[in-house]
Amino acid sequence: MRYRKEHAEEIRQRLIAEGGRHVKERGVQGAGVDGIARSVGLSGAALYTHFESKQDFLCTVLREELGTSARRFLSANVTLDEALARYLSLAHVRNPAAGCALPAITSEVGRSDEKVRQAFEAGLEGVARALGEKIGSHDEALGVLAAALGAVALARALPDDASALSVLESTRALITSALQANASSKRQ
């Protein structure tokens, strides 16, 4: 049965969205192609009519997910404090499928092949640029990202909300203090 081009693109977008959800919930290694394809009503083999390989699919998912994270930071109606509060929240920790992919994938990407690492690096750079526009410094944005995603990853590993919240709140306070100190030293 032949489908119109719009249908094929719709299926491709659904696969990417579902792939993003799976990657954020289960990590890179846990995001199996068969399960992702089944969740949109396809066989695992059908995924390869939309993507050249699993690697191509994963790179596409990473670009899309990290692009979404960058757009969230770039949003003109969200202040840096609001973005940090949202990122370093229990809601983000306890609902990974709705949040940023970075905390879920960073540790695994280092064990992935070069194309996946390159897609990750490009996506990370986009997020850092977006955050850097809010902060005023690309280097500080990288530091904030490292601290924030590390805090979210650590909080996700903790069994209770009180411990997780302690990590999140202390990291947010540390980031805020460091940014204020850097801004103050630049004014002098």
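Read-outs: derived from the displayed coordinates by stated rules, not from any lab. Quick caveat: nothing in here was measured; it's all calculated off a predicted structure. Here Cβ is always computed from backbone atoms with ideal geometry, including for glycine, and neighbour counts include all displayed protein chains.
Results, tabulated for the structure shown:
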{"quantity": "Lysine pairs in the chain with Cα atoms under 29 Å, if 8 or more residues apart or on separate chains", "calculated": "8"}
{"quantity": "Residue with peak Gaussian network fluctuation, the chain [Cα springs, cutoff 10 Å], from E25, E114, E140", "calculated": "E114"}
{"quantity": "222 nm mean residue ellipticity, helices alone, for the chain (DSSP H n ≥ 4; -39,500 (n - 2.57); rounded to 500)", "calculated": "-25500 deg cm²/dmol"}
{"quantity": "Helix 5-30 axis, angle to the chain major axis (alpha carbon atoms, nearest 10°)", "calculated": "50 degrees"}
{"quantity": "Loop trypsin sites (Lys or Arg not before Pro), the range 1-51 (other Cβ atoms within 10 Å of the site Cβ: 15 or fewer; DSSP)", "calculated": "R2, R4"}
{"quantity": "Chymotrypsin sites (Phe, Trp or Tyr not before Pro) lying in DSSP loop within the range 1-86, provided at most 10 other Cβ fall within 10 Å", "calculated": "Y3"}
{"quantity": "Highest-fluctuation residue, G67, G32, G110 considered, GNM on the chain with Cα pairs under 10 Å", "calculated": "G110"}
{"quantity": "Additional length obtainable on full extension of the chain from R117 to A45, 0.36 nm per residue less Cα span", "calculated": "23.5 nm"}
{"quantity": "Alpha carbon centroid spacing (whole Å) that separates the range 164-187 from the range 132-159", "calculated": "11 Å"}
{"quantity": "Theoretical FRET efficiency, 1/(1+(r/R0)^6), r = Cβ-Cβ of K54 and R94, R0 35 Å, to 0.05", "calculated": "0.75"}
{"quantity": "Rel. contact order, % - alpha carbon contacts under 8 angstrom, at least six apart, the range 106-188", "calculated": "16 percent"}
{"quantity": "Three-way shape call for the range 127-188 based on the alpha-carbon gyration tensor, with the a/c threshold at 1.5", "calculated": "oblate"}
{"quantity": "Normalised alpha carbon radius of gyration of the range 1-95 [divisor 2.2 N^0.38 Å]", "calculated": "1.26"}
{"quantity": "Most fluctuating residue given options A91, A101, A164, as computed from a GNM of the chain linking Cα atoms under 10 Å", "calculated": "A91"}
{"quantity": "FRET efficiency estimate (nearest 0.05) - Cβ-Cβ, E9 to S177, R0 35 angstrom", "calculated": "0.15"}
{"quantity": "Loop GluC sites (Glu not before Pro), the range 42-100, which have at most 13 other Cβ atoms in a 10 Å radius of their Cβ (DSSP)", "calculated": "E52"}
{"quantity": "Descending Cα extents along the principal axes, the chain, whole Å", "calculated": "68, 35, 32"}
{"quantity": "Whole-number percent relative contact order across the chain, with pairs defined as alpha carbons under 8 Å at least 6 apart", "calculated": "23 percent"}
